[in-house]
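Written out below as structure tokens is the structure these notes cover.
Please treat every number below as a calculation from the coordinates, not as lab data. No experiment lies behind these values; they were computed from the predicted model shown. Please note: Cβ atoms are built from the backbone with ideal geometry, for glycine as well, and neighbour counts cover all protein chains shown.
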Amino acid sequence: MLKLIVALIIVAIGGWIGYLFVFQNCAGGVIVREAAQCRAQGFDSVFCGEFQKRLLTEAMNAATVYPAEAACRDRQAACVARENPRGWSPVPAALCLVRDGDRIARVEPVYEPAGARRID
């Protein structure tokens, strides 16, 4: 009986991790792919006007750096070269924008693995 309980706990944890991996979470926010969609959601026009720049900024600040473009593109849908540290970083496909009243409380990059379906 104890083995069954342990097995069920392991399966439940594995399922939860799998769910989080497959379905990226944007709790309390909205996933935005482009400036027009950003404005349609009612976000600040200045912020939305710099949307593409924000995606590249997120890529340049990404913790993941691949040594070669091919290695990055094997795992990610879009990549960009960077200098410090030298290598290639994934470019987010979208941003998760979370509002707190009339301001943006949190901005998180949303990445799509190579060959993945769109995350909406």
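With θ taken as phi - 60° and the coefficients 6.51, -1.76 and 1.60, list the Karplus ³J(HN,Hα) couplings across segment 67-78 in order, rounded to whole Hz; mark glycine and proline as x.
Result, ordered by residue: x, 9, 4, 4, 5, 5, 6, 5, 10, 10, 6, 9 Hz.
Using only Cα atoms, find the angle between the long axis of helix 2-22 and the longest principal axis of the chain, and express it within 0 to 90 degrees, rounded to the nearest 10.
20 degrees
Per residue of segment 54-63, in order, report the coupling 6.51 cos²θ - 1.76 cosθ + 1.60 (Karplus, θ = phi - 60°) as ³J(HN,Hα) in whole Hz, putting x for Gly and Pro.
With the stated coefficients, segment 54-63 comes to 5, 4, 5, 4, 4, 5, 5, 9, 5, 6 Hz.
Ratio to report: Rg/Rh of the chain, with Cα atoms as the point set and Rh obtained by the Kirkwood method; give two decimals.
For the chain, the value is 1.09.
Using the alpha-carbon centroid of each, what span in Å lies between segment 25-67 and segment 96-111?
Rounded to whole Å, the Cα centres lie 9 Å apart.
Suppose we flag trypsin sites (Lys or Arg not before Pro) only when DSSP calls them loop and at most 13 other Cβ atoms lie within 10 Å. Which is the longest uninterrupted stretch of the chain?
1-85
Multiplying the sequence separation of residue 69 and residue 34 by 0.36 nm and subtracting their Cα-Cα distance, what value in nm do you get?
10.2 nm
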